[in-house]
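Single-structure report; data block below.
The values are calculated or read from the model by the stated rules, or taken from the named source; none is laboratory data. Since the structure is predicted, the reported quantities are computational estimates derived from the model, not experimental observations. Every residue, glycine among them, receives a Cβ derived from its backbone with ideal geometry; neighbour counts consider all protein chains shown.
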Number of protein chains: 4
Amino acid sequence: MIAENDRVLLVDPRGKKYLMTVTNKIFHTNLGKLDISEIIGMSYGDKIKSHMGKNFSIIKPNIIDYIYMMRKMPQTINPDDACQVIANTGISSGDTVVEAGTGSGAMTLLLSYTVFPGKVYSYDINERFLKVAKENIDNYGKGNVEFKLKDIYEGIDEKDIDLVSLDLPEPHRVVGHAFEALRAGGFVFSFSPCIEQVIDFRREISKYDYSEVKTIETIIREYEVKERGTRPKTRMLGHTGFMTFARKI
Amino acid sequence: MIAENDRVLLVDPRGKKYLMTVTNKIFHTNLGKLDISEIIGMSYGDKIKSHMGKNFSIIKPNIIDYIYMMRKMPQTINPDDACQVIANTGISSGDTVVEAGTGSGAMTLLLSYTVFPGKVYSYDINERFLKVAKENIDNYGKGNVEFKLKDIYEGIDEKDIDLVSLDLPEPHRVVGHAFEALRAGGFVFSFSPCIEQVIDFRREISKYDYSEVKTIETIIREYEVKERGTRPKTRMLGHTGFMTFARKI
Amino acid sequence: MIAENDRVLLVDPRGKKYLMTVTNKIFHTNLGKLDISEIIGMSYGDKIKSHMGKNFSIIKPNIIDYIYMMRKMPQTINPDDACQVIANTGISSGDTVVEAGTGSGAMTLLLSYTVFPGKVYSYDINERFLKVAKENIDNYGKGNVEFKLKDIYEGIDEKDIDLVSLDLPEPHRVVGHAFEALRAGGFVFSFSPCIEQVIDFRREISKYDYSEVKTIETIIREYEVKERGTRPKTRMLGHTGFMTFARKI
Amino acid sequence: MIAENDRVLLVDPRGKKYLMTVTNKIFHTNLGKLDISEIIGMSYGDKIKSHMGKNFSIIKPNIIDYIYMMRKMPQTINPDDACQVIANTGISSGDTVVEAGTGSGAMTLLLSYTVFPGKVYSYDINERFLKVAKENIDNYGKGNVEFKLKDIYEGIDEKDIDLVSLDLPEPHRVVGHAFEALRAGGFVFSFSPCIEQVIDFRREISKYDYSEVKTIETIIREYEVKERGTRPKTRMLGHTGFMTFARKI
């Protein structure tokens with residue numbers, strides 16, 4: 001049964017989604033007004049009717065819904081790329097992560113869920129970004145993120161870290177600091193849109209005792225499947241960024 | 001400090017890795033014998049010397065190490081694809097998952113870690129596969145997996161499920177059962193190497209009230225980064241499988 | 001020296017291109033009017049000034065300029081795909097080609113240039129398409145194309161053909177006719193946007209004595225190269241069509 | 001009717017191909033000996049029987065057969081990439097081309113066929129490569145290639161060229177020479193396996209009055225089509241090279 005202050009996802013008959021907290025309020029959509037307080041006591045899967053008689057489905061939101069609904073900064077790493085960090089570093093429940101380039105906190109949220117109850121330390125030098133991210137994570141996170149208004153190029157405070165995750169203009173400047181901060185077997189990861197940053201990062205990586213060094217790109221190809229018409233979609237996201245992983249041995 | 005029965009990953013000077021449980025035994029490698037009992041009381045990051053004087057690094061293994069070391073059946077879904085399930089369905093800690101086509105349990109292990117302390121129900125009709133998977137999960141899992149020697153084409157016992165994950169020859173035969181078993185907002189996911197299965201699955205999906213239906217393929221492009229020589233690798237894994245997602249509204 | 005009735009490509013200072021025949025006329029652009037008769041007696045590489053004082057470069061057009069300037073029907077095969085026919089069938093000067101699904105004649109033009117002075121027979125059942133293609137080929141072709149308002153599903157008139165090139169909704173219905181029409185060592189080629197057509201075509205191909213059967217897709221990845229910013233372009237053409245080749249032995 | 005000294009392609013029952021000139025000789029295969037002189041007077045499409053009773057089909061070879069049978073040097077540009085030069089520069093019959101980095105002559109042969117009766121000037125500084133290429137082109141070409149044992153970094157002798165085609169370690173050193181040699185509307189093209197060469201080349205290109213500058217990569221995806229099993233092939237050629245085109249206006 002849904003209680004006051006629970007978070008719900010409302011889906012209108014056209015598939016448009018609204019993420020909200022259940023309180024005593026009226027919500028306006030272009031398919032009519034909804035009395036949100038009616039949701040209290042209903043169940044996920046039930047429907048609520050607008051004053052124009054349109055049914056909105058009530059479903060339980062998940063972390064990806066949160067990421068897509070979050071207030072966004074430009075150039076946010078998307079979940080399709082972010083999840084490769086799990087596949088390539090094996091971080092999981094209980095791990096400790098240092099992240100730099102907090103941005104709007106999309107990566108932060110995924111890390112927060114993945115390592116919970118482990119901790120995420122998130123560095124950014126941009127106060128405005130950090131404020132937005134903090135708001136996003138306060139709303140949707142697991143209470144295990146500590147934000148730091150600090151320049152990671154100058155050093156990492158934490159030790160014995162399982163993953164250092166970078167989304168920065170000059171990631172090569174963190175390679176040495178990451179080596180100090182990581183536990184044996186921990187990973188440094190960097191996301192960069194351009195190849196020049198990859199080249200600089202890899203050159204710096206080669207100066208330390210990292211192994212399992214790998215640079216990849218995730219290309220997601222989506223298919224259109226219609227009656228007698230199956231084919232890759234005509235328009236495609238051609239590139240998001242290069243992802244480099246290295247493990248401290 | 002490492003204790004008896006802890007699991008460690010030993011990395012030899014050439015980068016070759018050995019996953020093992022710390023007990024009182026002698027382990028033979030082609031770089032010499034190791035007395036594994038010496039590891040008791042050491043720390044991750046320390047090194048142990050073979051009788052040929054070679055140093056082996058001792059590191060803490062992670063879930064991906066486990067997956068690559070697991071005893072494998074053919075056609076196992078790899079972590080690069082498996083993690084897209086997280087990115088596209090948002091499953092996380094506390095969720096309940098039904099899986100069919102257990103195979104060797106690689107997907108099972110990732111699901112087990114992701115939803116812990118939530119539960120995974122894993123169906124297979126092949127007793128031999130189920131035995132291997134059980135062994136693998138007993139070794140590396142989180143104790144939250146229930147294996148079922150049962151044909152999922154005949155129905156799903158569980159209700160209010162967050163994700164039904166399929167790796168089967170005829171996934172379209174589970175679309176209706178999944179619709180019954182899923183909670184509102186839950187997902188069905190199917191992995192298929194061939195496009196014919198996708199077409200059948202999507203045709204069946206269209207008969208139910210699923211939304212957010214999407215078929216994708218993950219293409220991982222790896223780069224070679226050498227001094228004055230950066231380029232995509234010449235040899236590439238061209239295809240693993242198609243992944244289809246649909247959400248019950 | 002450029003003479004009356006020669007064809008020229010004019011390029012304005014912003015890179016916009018105009019293809020035209022040199023005659024006694026005034027041409028209006030949004031960078032001013034051009035007196036085209038002034039071009040007579042000039043050389044390729046010279047510039048002509050508009051009445052607004054803007055310089056337009058005069059260059060010699062090529063076949064690809066023609067294709068991009070041609071009046072187009074929907075779903076025209078593009079040069080990036082069309083050239084794969086040369087790479088996979090080796091057609092060259094002197095060969096004879098049958099084409100069906102003339103469309104707007106883009107493929108026809110490339111075939112015409114490639115086999116000249118060999119001949120191209122182009123079948124279409126759509127009178128309107130054939131008219132447009134004929135106009136295009138009259139303008140830009142090599143005089144070696146014969147258009148036929150005829151349904152190729154009913155048969156191919158020609159014999160001893162080097163290539164049968166198909167861009168049709170049901171290419172599998174031509175597989176047998178093509179086998180009759182081809183010389184030993186000749187190829188049948190089919191372009192299809194959807195995989196269902198490929199599957200039908202390949203099933204039919206397997207009933208005849210074809211070899212070197214191959215289905216490919218050409219993916220063109222374009223790169224952005226800026227100072228300190230090299231990367232694949234964000235937006236990409238995800239799919240054009242599948243191309244199947246088979247050789248009669 | 002096939003005459004002495006004609007070139008034929010013999011295809012054995014397993015699909016293995018042999019390219020040869022028809023003369024009075026015995027040819028040994030692992031399916032038995034063939035008396036090649038028997039072919040004189042036969043037609044393409046006929047079969048010749050080995051002394052072990054196996055039938056070999058006689059077909060007319062094409063330029064792609066020649067390229068695959070040519071004696072090869074490492075790192076030869078393949079026809080799938082080479083044909084993109086036609087699609088992107090529109091070279092055709094009658095054009096004049098300068099090529100550097102002759103290698104084994106695969107690109108040379110395609111250029112020779114495409115521009116015939118136009119001419120190809122092919123520069124290389126490696127006498128051994130030039131000898132192999134000359135042999136290959138003497139065997140299979142159209143008599144319109146002039147080889148030059150000359151360092152193109154020092155300059156291009158020809159003027160009013162339609163295309164300068166480069167397959168060199170330092171293509172940026174030819175950008176200025178190409179600009180001098182090209183006619184208005186002509187193209188310079190460079191093929192490079194690594195991105196660093198592309199970056200240098202593009203930087204140099206930007207110093208001259210080139211337009212339509214484009215860097216692409218051709219990715220060929222091959223499909224397996226079996227009864228109820230259609231899918232991209234598991235193994236794939238991940239990368240050949242980057243291709244950059246620029247047009248002199």
### Message
Looking at residue B:214 and the list (1) over 22 Å from residue A:222 (Cβ atoms); (2) not in a loop (DSSP other than H, G, I, E, B), which single condition is not satisfied?
### Response
(1)
### Message
Being under 13 Å from residue C:223 (Cβ atoms) and either polar (S, T, N, Q) or more than 9 Å from chain B (Cβ to nearest Cβ) (or both) is the filter here; which residues of segment D:220-249 pass it?
### Response
D:243, D:244, D:245
### Query
If we scan segment A:118-138, do we find a residue that is farther than 25 Å from residue A:177 by Cβ, at the interface with another protein chain (Cβ under 9 Å from one of its Cβ atoms) and without any contact (Cβ under 8 Å) to a residue 40 or more places away in the chain?
no
### Query
In this structure, is residue C:187 surrounded by 20 or more Cβ atoms within 10 Å (Cβ to Cβ), closer than 30 Å to residue D:217 by Cβ and within 14 Å of chain A (Cβ to nearest Cβ)?
no
### Query
Taking residue D:216 and the conditions (1) within 11 Å of chain C (Cβ to nearest Cβ); (2) in contact with a Lys or Arg (Cβ under 6 Å, 6 or more places away or on another chain); (3) not basic (Lys, Arg), which numbered condition does it fall short on, given that it satisfies the others?
(2)
### Message
Conditions first: (1) farther than 20 Å from residue B:87 by Cα; (2) in contact with a helix residue (DSSP H, G or I) (Cβ under 7 Å, 6 or more places away or on another chain). Residue A:63 passes all but one, so which condition is the exception?
### Response
(1)
### Summary
Taking segment A:33-92 and keeping only residues that are away from chain B (no Cβ under 13 Å), under 24 Å from residue A:220 (Cβ atoms) and without any contact (Cβ under 8 Å) to a residue 12 or more places away in the chain, one is left with A:74
### Task
May I ask you to verify whether residue C:150 is surrounded by fewer than 21 Cβ atoms within 10 Å (Cβ to Cβ) and under 30 Å from residue D:16 (Cβ atoms)?
no
### Message
Looking at (1) facing chain C (nearest Cβ under 10 Å); (2) free of Cβ contacts under 8 Å to residues at least 40 places away in the same chain, which one does residue A:177 not meet, given that it meets all the others?
### Response
(1)
### Query
Could you say which residue among A:133, A:184 is in contact with a Lys or Arg (Cβ under 7 Å, 6 or more places away or on another chain) and not basic (Lys, Arg)?
A:184
### Message
One residue is enough: does segment B:63-85 have a residue meeting the conditions touching a strand residue (DSSP E or B) at 6+ places or on another chain (Cβ under 9 Å), more than 30 Å from residue B:130 (Cα to Cα) and crowded, with 18+ Cβ neighbours inside 10 Å?
### Response
no
### Task
Within segment D:222-234, track down each residue that is surrounded by fewer than 20 Cβ atoms within 10 Å (Cβ to Cβ) and either part of a strand (DSSP E or B) or among the aliphatic types (A, V, I, L, M) (or both).
D:222, D:224, D:226, D:229
### Message
Within segment D:157-173, does at least one residue satisfy the condition of being surrounded by fewer than 17 Cβ atoms within 10 Å (Cβ to Cβ), within 30 Å of residue B:227 (Cα to Cα), in the same structural domain as residue D:118 (by TED's automatic domain parsing) and without any contact (Cβ under 8 Å) to a residue 60 or more places away in the chain?
### Response
yes
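For the subset of segment A:139-161 comprising residues that are assigned to a helix (DSSP H, G or I) and closer than 23 Å to residue A:93 by Cβ, which member is farthest from the other protein chains (Cβ to nearest Cβ)?
Residue satisfying both the conditions and the ranking: A:139.
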### Task
Would you mind stating whether residue B:184 is modelled with pLDDT under 95 and either part of a helix (DSSP H, G or I) or assigned by TED's automatic domain parsing to the domain that holds residue B:107 (or both)?
yes
### Message
Between D:57, D:50, D:93, D:43, which is closer than 30 Å to residue D:193 by Cα and among the small types (Gly, Ala, Ser)?
### Response
D:93
### Summary
For segment C:220-246, pairs from a residue that is farther than 23 Å from residue A:234 by Cβ to a residue that is basic (Lys, Arg) and not in a strand (DSSP E or B), with Cβ under 9 Å and 6 or more apart or across chains, are C:225/D:202; C:225/D:203; C:226/D:202; C:227/D:203; C:230/D:202; C:246/C:202
### Task
Determine, yes or no, whether residue B:198 is touching a residue at least 12 places away in the same chain (Cβ under 8 Å), β-branched (Val, Ile, Thr), within 14 Å of another protein chain (Cβ to nearest Cβ) and within 30 Å of residue D:235 (Cα to Cα).
yes
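Can you pull out the residues in segment B:93-103 that are surrounded by 21 or more Cβ atoms within 10 Å (Cβ to Cβ) and free of Cβ contacts under 8 Å to residues at least 60 places away in the same chain?
Passing the criteria: only B:102.
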